Structures are given as C-alpha cells and as structure tokens.
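The values are calculated or read from the model by the stated rules, or taken from the named source; none is laboratory data. Only a predicted model underlies this, so the values are computations on that prediction, with no experimental measurement involved. Counting neighbours? That spans all protein chains shown, and the Cβs are built from the backbone with ideal geometry, glycine included. Side chains are part of the model used for accessible areas, which takes the heavy atoms of the whole protein and leaves out ligands, DNA and RNA. Shrake-Rupley method; radii C 1.70, N 1.55, O 1.52, S 1.80 Å.
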Amino acid sequence: MKAAYSRNVDPAFPDRWADIIVRPENPEEISEIVKVANKYNIPIVPRGGGADLVGGSAAQGGILLDITRMNQIIEINEKDYYCEVECGITWGALISELFKRGLTTGIVGPGSGFSATIGGGLSNNTAGFGSTKYGLITENCLGVEVVIPNPKGSIIRTGSAANKYAKPFCRYGVAPDFTGLFMGDVGTMGIKTKAFLKLYPNPPFKVIRNYMLNKNNFNKIPGLMYKLQKEVRDGIQDLYVNPLVVVQLLASLAEVRPPKRAKVRGPVFMFILEAFDERILDVYIEKVDEIMKEDSRLFEWQELDLSVKLSKDWDFTLKFPYNYFNKFVCLAPPKISCTTCHKLPISEIVEKREESTEFDNIHKGDFPSQSYSIFARSIHLLPNGHCVCAGGFNAENIPGQREIAMNMWHKKVRKQVNYGGAHYWLGEAISQSIVEADAYTPEFIQFFKDMKKTVDPNFILSPKKFHMYGYNDDISKYIDKNEEEI
Ligand SMILES: Cc1cc2nc3c(=O)[nH]c(=O)nc-3n(C[C@H](O)[C@H](O)[C@H](O)COP(=O)(O)OP(=O)(O)OC[C@H]3O[C@@H](n4cnc5c(N)ncnc54)[C@H](O)[C@@H]3O)c2cc1C
C-alpha cells in the first residue's frame, strides 16, 4: 500500500514513503486525525487524485491523507446554479452527472484526466478545458468546508455558507473572503472537505475549428488573441494555440499517415466555440473566420493524421478533452517531465518566449542529455487577457539524470519567476523555486507565516512547500543569490 502511494505523476522526485496512510470518510474523522497529529507532532500531507506533477501530494514520513473516499455529490441545485460536493470526488464522476442534466462547472478538469479531484483542483488553481471562457476552477468556487490543522481540528465553512443559516450560493459578502486563503494553497492552509461550485447551463451547440497560420509567425498570436477576446469572447469555450514545432512533432507522431501530407507552415489555433442557439453559433463562426482569414487557413488534423476526426464529425464528449491531452500535451513518452506551465499576459508572450529560448540555448549543456525543452506545447487563452504557456522539459528517469533534471527544473522556474510569470500548480518544486527566485518580499513571507501560524500553530500541514520547514526558519537562506542575469 505504501509503495503504491510513494509516487504520483512526479518521477523527477525519488520515492517517498509515508509512515501512515489514512483514508477518512468524513470531516469529523479528519478532525480527529488532525488532533492526533497535533498531539504527537506528525506532519500531514493531503492527497486527492495524486495527478500532481510537482511533488505536492506525496509524503516522506508522517501521514498521507487520501481523501478520495469522500466522493459524494451532496446537492446539485439546478435552479440556483450551484453544487455542493465532497472534495475527494473526481472530475469524471461530477461532470458525468452534470452533463446528463445539461449542466457544467464551466472548466471541466485538468489535462491529467478525470481521476483528478475537485479538492486537488482547488488546491492547485487548476486551469483546464473550458478555462478560456470560464477561468480557473478557483474562480468558480463559492466557498469550501475546511478542516483547520489546529489542535482542535476545527471545521469551518466559507463564502455565504459561513452564515450557518445560508445556502452556499455565493462567495462574497458574509465575511472577508476566507475562501481565497485555501485556493491554490497546495494543501498548506487546511484540508478541504467540501466545495461549493458555480454551475452553468451547458451550451448545447459546440463546434471545433482549426486554423493554421500561413507563416511561422509567432508575433501574430497576441494580436489575434486581442481581437478574438474583444469581438467573440463569450463564444469561445477554448482557444489553444499549438506552436509550429509542436505541429511538426504531432505530424511526425501521426498514427495513420495520409498518402500525401499537408505542408506544415505555422502554428495551429484550435477553437471550441459554443452557443445556446445555432444561429448565434453561426455568427461566432463567421466572426472567427473573419478575424483569422488574413493570416491563416482552415485546417484539419486529418491532413497530417487520418486517425483524427474531421471537425464536422466532432462532438464534445468527456472523451474529447482526455484524448486531446493524451495526444497533444503528452507528446513525448512519459519519462521525467519537468513542467514549467505558467501564466503570462498576452502582451508578454512573444518577449518571454524569446527570453526562455535564450535561456535554453545558454544552458544547453546543463540540461540532462536527450532532454528537450519547450516554452509552450500549447498556449491556452484565459478570460481577462492572459494565457497559460504549458511547457517544460523531459529527461531520462534514471539516477544521476534525475538530479540534474531537478536542478535545471528549479533554475528554469526561477528564470520564469524573474521575468514575471505566474505559475499555478506549485507543489514542492515550483513553490520552492519561487522562494529561491527571491520573488516574495520579506513582508509577504512574514504575512504568509503569520496566516499559517494562525491556522497551523504546530506546523503539521504540508511542510517543505514554499521552503517552509518551521516558523523560526529563515526562508531567505534559500534565495539563490548567484543567479546570473541573462
Ligand atoms: C499529463 C498531466 C497534465 C496536467 N494538466 C494540468 C492542467 O491542464 N491544469 C492543471 O491545473 N493541472 C494539470 N496537471 C496537474 C494536476 O493533475 C492537476 O493540478 C490536478 O488538478 C490535481 O488534482 P489531484 O486530485 O490529482 O490532486 P493531488 O495530486 O492529489 O494534489 C494536488 C495538491 O493539492 C493538495 N490537495 C489535494 N487535495 C486536497 C484537499 N482536499 N485539501 C487540501 N489540499 C489538497 C495536495 O497536497 C497537493 O499539493 C496535469 C498533470 C499531468 C500529469
């Protein structure tokens, strides 16, 4: 059992064995576990689906708290558009139920697939399918129920549910926004047991459209994104841009090659457009065609790989996002994957891509051998004018290489932090790199520690993340002071 829990999707880390693995059934049991952990000073790391890539949901020693038995839907409120679920529920279970009723959470889960949990998503600030229109899962959260890691194992509710007479239908108003304290905290501030989420009617008319730029002109991407945000916005469920090198790689990996393959000339824009009325969808298609026509042509993946469906035969089922990520994001065979996915404002993606490529060139010899580094396998547009640049590098999963990979990973993330990128699944590797990059002011670190001390006075929850090992430890000693300017 311990071996099975010793790794997640994070082979850059060595195996880590917890002393105790607990699978509680309800918040009261978690509260009791927290009391015991406080009494004997045992660290706890919460774990959902274990799809974390950055060392967030494994524990060396101490308690690994697997919350996937807490997987019930408590309420789907079809009239008031919210739901209440236990945080160990998987995206697969929740979305399958919602889709049957014509509802959606907007964002429908991360690229790791549907066995990731809602609790993991809220802790990792998950972006995924649907995020161009609906944003991150945390932006769709109306509140949470949390077990606080204090000696009493207190259970609290946030959002409107902080009013014990109210339903969990809205986030703000009843008190300061304490929900935010637990969003993207990678399990450092509390153990989320229930989540209250916004629901939306799922637009029944959806279409997929791909456009290939006529030239390999990366500089065109921001201008097109601005126009699309300004003129089509609500119609775009998702926009993913695959840079040229990725399209070429995909072409080389084609399962069924057509006899004559199309020439790959530039990045591919993949849209999912959606509407409640077919006529409105037609208007969205027209608008997108108009915006894209000068620089691109309509494109079908079948031109490169006959195994991909034609867009006219496409429909949005839960298989689609899963297959999309398998094919388009997990391009190379899984060895060690040091992901560096981060968010940037649209206006900065061209410049930062250049900086990132320059960094890779300068440090060519420092990456593990046979490693391939990429700024973005895909650039995913988010609602208010910024993007997820989903990139990273891989390495052989063998001793020696693993260490080199880990060092380079931290270095690369520090670089991105220094140029102003905002990462989101932080776990151990990324949260530590942010500290090493000297991104947080001493005042911010003190505030963070003070807040954590309030909820976790004995420092039992998720040690090591953010290079926090105790309240008296001076985090500034982890700052990399020799970082060269490039
Ligand atoms: C191929 C691949 C693609 C991916 N694509 C994406 C993507 O598109 N977008 C994205 O955001 N992520 C992505 N990820 C990362 C990860 O899968 C997601 O962030 C996912 O949401 C994690 O959910 P989980 O349930 O597996 O969480 P876990 O891995 O179990 O945990 C994640 C973190 O949350 C904490 N945690 C978990 N549950 C709780 C809880 N109930 N209370 C408090 N803390 C908790 C853990 O301690 C850990 O730090 C990808 C991973 C892979 C392998």
Cβ-Cβ under 6 Å, sequence separation 6+ or interchain: first residue in segment 311-326 and in a helix (DSSP H, G or I), partner not acidic (D, E). Which pairs?
S311/I208; P321/F129; Y322/G113; F325/G111
For A254, the lone unmet condition from (1) under 25 Å from the mean Cα position of the chain (by Cα); (2) open to solvent by less than 20 Å² (accessible area, probe 1.4 Å); (3) aliphatic (A, V, I, L, M) is (1)
Exclusive hit being touching a residue at least 12 places away in the same chain (Cβ under 8 Å), more than 22 Å from E25 (Cα to Cα) and within 11 Å of the ligand (Cβ to nearest atom), set S112, S96:
S112
Tell me which residues, restricted to segment 363-376, are touching a residue at least 12 places away in the same chain (Cβ under 8 Å) and open to solvent by 40 Å² or more (accessible area, probe 1.4 Å).
D366, S369, Q370, Y372
Since T454 meets every condition but one in (1) assigned to a helix (DSSP H, G or I); (2) surrounded by fewer than 16 Cβ atoms within 10 Å (Cβ to Cβ); (3) within 16 Å of the ligand (Cβ to nearest atom), which condition does it not meet?
(3)
Restricted to segment 117-135 and to residues being open to solvent by 10 Å² or more (accessible area, probe 1.4 Å) and assigned to a loop (DSSP other than H, G, I, E, B), the residue nearest to the ligand (Cβ to nearest atom) is T126
Among strands (runs of 3 or more DSSP E) lying entirely in segment 1-112, which contain 1 or more residues that are within 30 Å of S433 (Cα to Cα) and not aromatic (F, W, Y)?
20-22, 44-47, 63-66
From the list I63, I67, exactly one residue is open to solvent by less than 30 Å² (accessible area, probe 1.4 Å) and farther than 30 Å from Y322 by Cβ. Which is it?
I63
Segment 336-354, residues that are open to solvent by less than 10 Å² (accessible area, probe 1.4 Å) and either farther than 28 Å from D15 by Cβ or of a type in the set (F, W, Y) (or both)
L344, I346, I349
Just wondering, is there one or more residues in segment 417-430 that are more than 22 Å from the chain's Cα centre (by Cα), within 16 Å of the ligand (Cβ to nearest atom), closer than 30 Å to Y40 by Cβ and crowded, with 21+ Cβ neighbours inside 10 Å?
no
Residue pairs meeting the criteria (Cβ under 6 Å; at least 6 apart or on separate chains; first touching a residue at least 24 places away in the same chain (Cβ under 8 Å) and over 16 Å from S31 (Cα atoms), in segment 44-68; second more than 8 Å from the ligand (Cβ to nearest atom) and aromatic (F, W, Y))
G55/F13
Report yes if G48 is farther than 15 Å from V147 by Cβ and within 16 Å of the ligand (Cβ to nearest atom), otherwise no.
no
Tell me yes or no: at least one residue of segment 382-389 is touching a residue at least 60 places away in the same chain (Cβ under 8 Å), buried (at least 24 other Cβ atoms within 10 Å of the Cβ) and closer than 18 Å to F359 by Cβ.
no
Just the residues that are within 16 Å of the ligand (Cβ to nearest atom) and either hydroxyl-bearing (S, T, Y) or not in a loop (DSSP other than H, G, I, E, B) (or both), please, taken from segment 177-232.
T179, G180, L181, F182, T188, I191, K192, T193, K194, A195, F196, L197
Within segment 155-176, how many residues are within 16 Å of the ligand (Cβ to nearest atom) and either farther than 13 Å from E145 by Cβ or out of contact with any Asp or Glu (no Cβ under 9 Å at 6 or more places or on another chain) (or both)?
0
Considering segment 401-416, residues that are aliphatic (A, V, I, L, M) and within 26 Å of E351 (Cβ to Cβ), and then whichever is surrounded by the most Cβ atoms within 10 Å (Cβ to Cβ), we arrive at V413
All but one of (1) under 30 Å from V36 (Cβ atoms); (2) in a loop (DSSP other than H, G, I, E, B); (3) away from the ligand (no atom under 11 Å from the Cβ); (4) touching a strand residue (DSSP E or B) at 6+ places or on another chain (Cβ under 9 Å) hold for G143; which doesn't?
(2)
I'm trying to understand the selection: among the residues of segment 46-60, which are closer than 22 Å to N125 by Cβ and open to solvent by 20 Å² or more (accessible area, probe 1.4 Å)?
P46, R47, G49, A51, L53
Given (1) surrounded by fewer than 22 Cβ atoms within 10 Å (Cβ to Cβ); (2) in a strand (DSSP E or B); (3) not polar (S, T, N, Q), Y165 misses just (2)
